Structure formats: C-alpha cells, structure tokens
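Notes follow the structure.
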Amino acid sequence: MSLEKLEPQSVADDQQLLHQALAEIETVVLGKSRQIRLAMACLIGQGHLLIEDLPGMGKTTLAQALARVLGFEFNRIQFTSDLLPADVVGASIFNAKEHQFEFQPGPVFTQLLLADEINRATPKAQSALLEAMEERQVTVDGQSRELPEPFFVIATQNPQHQLGTFALPESQLDRFLMRIELGYPDRTAERALLSGRNPRRRLEQLRCCLPLPRLQRLQQQAESLHLSDPLLDYIQRLVEFSRCSDDCDYGLSPRGALALVQAAKAWALIEQRDYVVPEDVQAVLPSVAEHRLRGDYDCTGHKGVSLTRLLLDSVEVLE
Amino acid sequence: MNEPDYQIPRNGLAWLLAAMFGALLPHMLRLPVWVTLICLLCGVWKLMVYRGRWHGPNRPIRALLVFGGGAAVFAHYGTLAGPDAGSALLILGFCFKLIESRTRRDAFIVVILGYFVVAVSFFFDQSILLTLYLALVCVMVTAALLGLNQSVLHTRPRRTLRISLRIMGYSLPMMLVLFVLVPRIGPIWSLDLGQNRAKTGLSETISAGDIAQLSQSSELAFRVEFDPGSKVPPASERYWRALVLDNYDGHRWTRGLDLDQREQVDWQNNGNRWLTPPLSGSPTPLSRYDYQVMMEPTDQPWLFGLAWARSDTRGVGATRDFRLLLDKPVARPFRYRVSSTIGYTLDAAGLPAWLHRANLQLPDTDPLTRDLAQRLRRDSSSAADYVHRVLRYFNQQDFSYTLRPPLLSGDRVDQFLFESRRGFCSHYAGAFVFLMRAVGLPARIVAGYQGGELNPLGGYLLVHQFDAHAWVEVWLPQQGWVRFDPTAWVSPERVEQGLEQAMAQEGSFLEDSPLSPLRYRGSAWITQLRLSWDYLNYGWYRVMLGYDAKAQRELLSRLFDRVDLKLLATLLLSTIAALLLGLSWWIFRQSGLRSRPDPLLKLYRKLCRRLARKGLQPEVGEAPASFVRRAAESLPDQAVALQRIARQFELCLYAPSANERDPQLQRLRVQLRRLAL
C-alpha cells in the first residue's frame, strides 16, 4: 500500500483517528499524555518500546490500552527468574498419536507482545527475544519461523536497583527504539483516578479506533516526512557530541541515530506537521538516547538521563 | 637493540623504494655495477625488514657497510671527492640510510637524501627528457614524504601519489618565480665534470693510415643560430674552424706551435696588437655573418667559428691562427656569440719568420712525393697555379673518397699518393700540405666541422660529430692565407651535400649507429620528427639552460631601468610574498565556501542581537523557533509578529519546500523589517 494512492481525505482521516486513539488511551492512563504520545510515536516509528518504572505505575495498563486501541492480537508474558526460552518462543512436543513432533508456538507469535518485567528473567530467557525483536522471526529446532506482521514488543521493566533483576545487556537495550518512564501522576490525574471507576473495567471498554491498515499508512507517512539538511546537521552534531564527549563511555550507535530519526519523524507526524523540526528531535531524544548512553562506572545505566540532558544543553541547533 | 624499531608506514615505504629506484636509474649507466647491485640489495633488505622476515643491520654490520662502501668507492675511483666518486658515495649513503632508518627522523633524512640524489643527476645531464623524468621521481619522493606523514592505515598508494602531484602542481608558480628571479651567481666552486665524457669527433692529432675505419658519431656537436638579418652561409662556405695542425713527423700531424697559451691569446678585442693578426682588404657587408653557437660540452677549450671570427662573449679569446678559444675547458653546454667576416685577406703583408718557419716544417720522408711536387712546380707559372695543378692532380687521377681506407706504413704520403689512392679528408689534407711545403709554400691543416643541417623549424644549423672534417690553408704571397679543400676535388658531394651523399655508394654512413634517426634521412617523417625534437631541445637549451645572468638582466631590463642585486632581491621577496598571500587567500576562500554563512543563519543572528537588547538570549541547544516563541511570551506587544516569525523560521529551515526558499526568505526579511523592538 503506497501513500500516493491514498486520498487526501483519507490521510486527514488517519490523522483524526490517530488523535482519537490517543484520546482514548488518555481516558485509561490518566495525565500521561506525553508518554502516551511517545509510546504511539514508537509504534509509528516501527520500533519496540521499553517502559521502565516502579511497580504499579500503569506500565501494563498503558501497554494493554495501546493493544486494544490498535486492535492488535495481543499476548503477554510475565518474565520470572525461572522462565525458559521455550516459554517464550514455543517448543516441539511429541504427539503420541501421530508419532511426530509438533511445534507449539509460544506467546511470541502475536502482533503485540507484552513482555512484563523483562528484567526479572535470566539473560538466557531475555535473549530468546533478541532474534524476534530485530529480525521478526524465531528459530526453533533449527527452523526459522516468521512472526506475524506487524510485530511489536512492549516490554516493561523495574528499575535496576530493585531486587531480583537482571540488567538487560546493551545489545538488547539498543533494540528498543524508545524507553519511557511514566512517573507518578500529578495531583489532578491521581484524584481523577481515585474518584473514577475501576480502571480495569475502562480498559475492557476501549474501542479499537486505529485499525492496522490505518496504522501502516501512518507509518509510511511518517517515513516520508521531510528531514531538512540543517536538521540532519543537528542530529549528526548530537551523535558526534555523544561520541566525542569525555562523559560518555560510548556514544550513540548508527542504529541509535537512525532510531532518533525514526522517532522524530513519528513525533512530527503526531504533531501534524509534514516536516521535522528540532523540537521534535528534542522531544524524543531522552526516550531514544537515555538507554543507549552510558557514562563511566555506570553499571546501572542511569547516567544516561543526565548525559541526554547534557547533550540537549550543549549542542547548538544551528551551527 | 631492545627499543622497538620504527616502521615506515606502508605507503611511505612503497613510494620510498619506488623513488629510490627511480632516482638511481639515471645514475646506473654511470656508476659501477656493484653500486647498483648494493642499492638493489638494500631495497630488498628494507622490504624484508618491513615484512618482518629479516633483521635490520646491527651495529657491526652498519659500520662494515659504511666503511666498506667508502673504501670500495675509493678503490674504484681513487678518490672520494669529485662528482663521480661523490655521487657514488651519496647514493650508497642513501641506500644504507634506508635500511638502517629506525626512527621517524631517520626516515625524513632518507627522503631529503632522495631529493638530493635527484638533484645530483643534473650534474651529468640536463636534457629535457631527463628533466621530465626527474620531475616524476620528485613526485615519487614527495609521495614518500607524504606517506611518512600519513597514518599506517593509509594503504592506497595511488591516492598518496595524487596528493603529491597536486602539491607539485601548487609549487609550480613558486618554482617559476624562483627560476626567473633568483640571482644567477657564478658557481662558487667549480666541479670537474667531464674527464670521461669527451666525445668530440675532433682530435689533436691526425694520422692518415692508422685508421682503417673512421668511426662516426651521430651526436650533436653544436648548433648555430644566425641573428635575424644575417643570412645563412651556403653549404660550401660552412667551414667551422677549431684546430690548426702544423707539425708532421712522417706519421701524424700534431699541433706544433702552441698558440693557446694564455699570454698568447687575445682575450680582449682591443688587446694585444702584437697578437692581432693583420687584416687587409675590404670585404663586402654581405659576407659578414653574426651568429651564436651553442655547443655541447667537449672538455676542450676550442670553440668553433667561420673564418676570421671575433666574439664578444666573456672568456672567449682569439688566437694568432684566427681561432676562438675559451679560457677554460667547455664542461657544460656553452653558448657564445660570434661575428665572422669572410673575405678579409689575412697575413697578406707577409708572415712573421717564426710562423713562416713553422708552416714549412717537414720530415725527411716520402721522396716520391717530393719529386712529384718539384715536377708540378716546374710546370707551373706561379704559386697559385701550382696549387691548382695539385688540386687538378687529385681530381684527375683515380683518387677516391672512402671511410674504409687501407692501412698505410713507411712513407705514408708516397704510399697514399701512388699506391692506395683511397682515403678520407685527413689523407687528402695531409698529402696536400706535404705537397705545398715540399715546394716552400707555407701550409697547414685545419680541423673542424664542415657543413651542417638547416632545421627549418628554428632556422638554425645543426652540426653533428660526423661533420668533422679537415682541410688546408695555404699562405700565398699577396693573398695571405687561402683555404683549399682537396677533399672537395676528389668528392665534391662531401662538401656540397655532406657525408651522407658522398657515402651513398659505399653505404658506410653511420654504419656503427644503426639506431640513429640520422641514418634514415630518406624518410620524410622521421626527418621531420628528428628536426622537431631537436627544435624542442634547442628551445629547452635556449630558454632553460641558457637563462643565465645575462639573459636574466636582459629580460628584466625590459621592465626596469636598472637591474641590480637589490632589485632582484626586492622582486624575489615581494613576488614570493604576493604568491603566498594569494595562496592563503585562496585557501581561506576555499574553506569559506564550504561553510558560507547561510543567509537564514545571518537573519537569525541578527534577530538574536536585537532580542539580546531586550535581555533575551537563546539557550544553548534551543531551536530558533522555540527561542522566538519564548521571546513572544515575554514581549506581549510583539507576540503576534514574533509568533509569525518563529513559524517562518521553521518553514525556511525545515520545511520540504527547499526550492521555494527564496520567496520564503524574502517574506521572513519583510517580517523582520516590520518588527519593531
């Protein structure tokens, strides 16, 4: 499906539906409009999303709300320390009746996978997701199996300093387009939450307002957004700064830079612009860069936040 | 040696080895074979050291190489000084330094030595081809220098070469300036360069009968360029005198009188009257020729000129026997100006007794010839008549001209005149002088060149070594010295058309040099090619090698009234300064082009300055539109305009309509102008 064939009317419709969807989610995840937009931008940018926060902050709710609003087929894995790769990707089981092995697809075979508390599982189980996330296929018993299209992973994790967590390796962190934090709701939002109906019930009532073809059109539209030379210069300066700065142990990878471009485009689309401005880049930069940057002696990776801040405060938008 | 050895980067080494080989190539023919072999071995050694297969030379081996090399050069040349031994030593040092270079500094020294080896080649040859070739080698040495400065990761030698070429290109203007303006000071020391390169067709002795086969060389002897307005003499008048031989010992002709000694030569035109030969007669102005001779080095002081030649070039003198002489051997291409007048009667009033005696000297040999002389003299009415009878004798008897004469012994003149009757110019000239002197007529052999090939491209004459010739001057009462060429009476073609025509039947013209293009004068295009090539060389000689202090003065005096060292220094420095300034300006502009200030950026900066007066500064990392919007919030009275400007900035900078940027920019300018802060 190509964008050129779409009627202008329909493009405007997509935009309308997109904001409708965002508004729907906001009725469930209260007062987190920015994070919801970022999460949506992540999906429009065709990347996986990592939500990191303390338990009970609404991570899972946000993931479920996204799945419902988009009408995705949706599976959830609760990662625990004794989770095995087969629990994620599936296994071949002997069928005694027909005397042969049959592949039982695991929960990963779905359009949207919610990997809950991903850092509670051992690295072995975590890496079961690696191939799935990057190549959108899994290999079991030497046979590669395609995952459904689209395939998104929304993973949640608890902060590193909590007990019983295994830090995600950098290679896996890099596969997440964005990492967002939800944070405590503000006073009015919490009041609304407390005084309102049971959120679980509301979640069940969410409508699917942005069906898959529409989302795909939005994705294509985002890809074709204009990225001017001054802006590319800015992005390159950001990346170079992260690589040259003494504070960073290592800088943003080319994949990171590409992620920044994808995310900024998606953000510009949500902002209803057909070109990307520096503010878009700045808006997505924390969620794109924080989990990719690491400072000296920074085993928990939490220096990324201040490094991103440094990046924003040190790199000129125009040379 | 525990310290880690410095490895020349791959590119540098590759080019250094290539440059080493290239710089050695012109020397290889000159140098003894063992030097070349040692150099190649050094190259291979360095390569093996680089590849980690062999070790570099340790201390004893280094000492052995240095002292052994010096001793070998001394053993070969008998000296360590002088251009040949010196260049051999330099080249050995260059190669040894290459293999023992252990630090970066050593590597740089090797490169500098490489330039030096290139420059030394010019001691021995300055031809156009060699110059072009050495320029190429210079490019390679420069590439080596670049390679040393590049990181080890540079592995594309071709790119290094390209940069090197570009650098050489950049240095061309500077080279031209230096060439034109650096004062030409005479050499501070003189190098004795030519001991083993005399290849003239002339020799100081002529001995008819010892040579069974005259070897000829197709090398150039000299070029003659006639002044505009002066005509070119006809072929039969092109007798270029160089030597006078007046002593015969029955075997060979030699120079009996030494008139070349310093005190006997008229070094100035107005100098010693005693030495100036008496002139008489009134030659027509038409018989005067003004020309410049550009001669190849001969390592002899003799110069060439038509009869009765005078020269005003410094260092050139005239001898009592009307020849031109340089005050030192001609060791490098030399150019001098001559004005010759044909038609003067020389020594008409009579010869001084010593000269008369010297030109009548004869050994007591060859009785048959003496008889013939007496017989002919008795029949003739006058001295002039006798000369013509002798010439007719040569003409009518069956004498023949050949380059392959039979060997003679005993009474050589008798044998030649009555038995073999075959010979070349020396035979005829010698026999003729013998016949003259036998009857008491003073006579002498003149050796020089006869003829010359006119190059229509430059209108100048080319005289080759095979044009070497010998003829005779006889002193006749009242007529003075008169030139006779007995060879012309035997073989008129030799004089009128040159050696080639004379030898057409015998086929012996240049038979020793089968590859010489001169052999193929029958082919029009080869001749054309050869003459064009010579014209190029001639231009090269005139413009490049002939650019001496005088030429420099002449060139500059067209622009300036007074040309002196001060002017030269001022010119040189100011031109170099101008060049460097121009170059830096160019570089500055070049880099400026890459990041020329964007008009939009300029507008933004200007707006920032205006807002700064209101106390608003953009934060680091703040996008222009954000800043302007922030400004709009704090300047409510201009909020609308600023909001609009912010949007316009965003459009201009980031919107896809790049081709519509000019109108957008214009709109922004208008909005900014209307903004009242």
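The values are calculated or read from the model by the stated rules, or taken from the named source; none is laboratory data. Values in this document were obtained by computation on a predicted structure and should not be read as measured data. In this analysis, Cβ positions are derived from the backbone assuming ideal geometry, glycine residues included, and neighbour counts consider all displayed protein chains. Just so you know, the surface numbers come from the protein's heavy atoms only, side chains and all, with ligands and any DNA or RNA stripped out. Shrake-Rupley method; radii C 1.70, N 1.55, O 1.52, S 1.80 Å.
Some observations on this one:
- A:Ser127 among the hydroxyl-bearing types (Ser, Thr, Tyr) and within 23 Å of the chain's Cα centre (by Cα): yes
- Members of the range A:30-47 found to be assigned to a loop (DSSP other than H, G, I, E, B) and open to solvent by less than 10 Å² (accessible area, probe 1.4 Å), listed by number: A:Gly45, A:Gly47
- Close pairs from the range B:75-103: first among the hydroxyl-bearing types (Ser, Thr, Tyr), partner open to solvent by 20 Å² or more (accessible area, probe 1.4 Å) and outside any helix (DSSP H, G or I), Cβ under 6 Å, at least 6 apart: B:Thr103/B:Tyr6
- Of the residues making up the range A:125-136, one or more are more than 14 Å from A:Gln172 (Cβ to Cβ) and either out of contact with any helix residue (DSSP H, G or I) (no Cβ under 9 Å at 6 or more places or on another chain) or surrounded by fewer than 19 Cβ atoms within 10 Å (Cβ to Cβ) (or both).
- Residues of the range A:248-263 that turn out to be touching a residue at least 60 places away in the same chain (Cβ under 8 Å) and either open to solvent by 10 Å² or more (accessible area, probe 1.4 Å) or within 14 Å of chain B (Cβ to nearest Cβ) (or both), as a count: 3
- Residue in the range B:565-577 that is within 14 Å of chain A (Cβ to nearest Cβ), more than 30 Å from B:Tyr336 (Cα to Cα) and surrounded by 14 or more Cβ atoms within 10 Å (Cβ to Cβ) present: no
- When restricted to residues that are in contact (Cβ under 8 Å) with a residue 24 or more places away in the chain and open to solvent by 30 Å² or more (accessible area, probe 1.4 Å), the range B:314-330 contains 3.
- A:Asn158 meets each of the listed conditions (1) touching a Leu at 6+ places or on another chain (Cβ under 9 Å); (2) among the polar types (S, T, N, Q); (3) open to solvent by 50 Å² or more (accessible area, probe 1.4 Å) apart from (3).
- The C-beta contact set for the range A:264-279 (first residue away from every other protein chain (no Cβ under 11 Å) and more than 12 Å from A:Ser228 (Cβ to Cβ), second residue open to solvent by 10 Å² or more (accessible area, probe 1.4 Å) and among the small types (Gly, Ala, Ser), distance under 6 angstrom, 6+ apart or interchain) comprises A:Trp267/A:Ala283.
- The requirement of being within 32 Å of the chain's Cα centre (by Cα), assigned by TED's automatic domain parsing to the domain that holds B:Val137 and farther than 20 Å from B:Phe108 by Cβ is fulfilled somewhere in the range B:60-69, by at least one residue.
- Any hit, the range A:127-141, residues being closer than 30 Å to A:Arg201 by Cα and in the same structural domain as A:Tyr184 (by TED's automatic domain parsing): no
- Within the range B:343-357, residues that are under 13 Å from B:Val482 (Cα atoms) sit with their Cβ atoms under 7 Å from residues that are surrounded by fewer than 18 Cβ atoms within 10 Å (Cβ to Cβ) and modelled with pLDDT of 80 or more, at 6+ positions apart or across chains, in these pairs: B:Thr345/B:Gln479; B:Ala348/B:Gln478; B:Ala348/B:Gln479.
- Of the helices (runs of 4 or more DSSP H) lying entirely inside the range B:542-634, those carrying at least 2 residues that are in contact with a helix residue (DSSP H, G or I) (Cβ under 7 Å, 6 or more places away or on another chain) and over 30 Å from B:Phe124 (Cβ atoms) are B:565-594, B:599-613, B:624-634.
- Search result, residues across the range A:233-247 that are within 10 Å of chain B (Cβ to nearest Cβ) and more than 21 Å from A:Arg294 (Cβ to Cβ): A:Tyr234
- Some residue of the range B:631-646 being within 14 Å of chain A (Cβ to nearest Cβ), in contact with an Asp or Glu (Cβ under 8 Å, 6 or more places away or on another chain) and either under 24 Å from A:Leu312 (Cα atoms) or open to solvent by 70 Å² or more (accessible area, probe 1.4 Å) (or both): no
- Among (1) within 12 Å of chain A (Cβ to nearest Cβ); (2) hydrophobic (A, V, I, L, M, F, W, C); (3) within 27 Å of A:Ser224 (Cβ to Cβ), the one test that B:Leu665 misses: (1)
- Residue check, A:Phe151 touching a Ser or Thr at 6+ places or on another chain (Cβ under 6 Å) and either without any contact (Cβ under 8 Å) to a residue 24 or more places away in the chain or not assigned by TED's automatic domain parsing to the domain that holds A:His291 (or both): no
- Only one of the numbered conditions (1) of a type in the set (Gly, Ala, Ser); (2) open to solvent by 60 Å² or more (accessible area, probe 1.4 Å); (3) on the phi > 0 side of the Ramachandran plot is violated by A:Gly71, and that is (2).
- Just one of the listed residues (B:Leu148, B:Leu176, B:Leu153) is exposed (fewer than 14 other Cβ atoms within 10 Å of the Cβ), aliphatic (A, V, I, L, M), assigned to a helix (DSSP H, G or I) and at pLDDT below 90, namely B:Leu176.
- Looking across the range B:614-630, the residues that are facing chain A (nearest Cβ under 7 Å), open to solvent by less than 30 Å² (accessible area, probe 1.4 Å) and of a type in the set (A, V, I, L, M) come down to B:Ala623, B:Ala625.
- Taken together, B:Ile109, B:Ile128, B:Ile38 contain a single residue that is within 33 Å of the chain's Cα centre (by Cα), more than 30 Å from B:Leu172 (Cα to Cα) and open to solvent by 10 Å² or more (accessible area, probe 1.4 Å), which is B:Ile38.
- Filter result (more than 8 Å from chain B (Cβ to nearest Cβ) and free of Cβ contacts under 8 Å to residues at least 60 places away in the same chain) within the range A:304-319: A:Gly304, A:Val305, A:Ser306, A:Thr308, A:Arg309
- Residue check for B:Phe418: of a type in the set (Phe, Trp, Tyr), surrounded by fewer than 16 Cβ atoms within 10 Å (Cβ to Cβ), over 21 Å from B:Pro477 (Cβ atoms) and in contact (Cβ under 8 Å) with a residue 24 or more places away in the chain: yes
- First in the range B:172-184 and within 19 Å of B:Arg558 (Cα to Cα), second anywhere and in a loop (DSSP other than H, G, I, E, B) and open to solvent by 70 Å² or more (accessible area, probe 1.4 Å), Cβ under 7 Å, 6 or more apart: B:Arg184/B:Asp548
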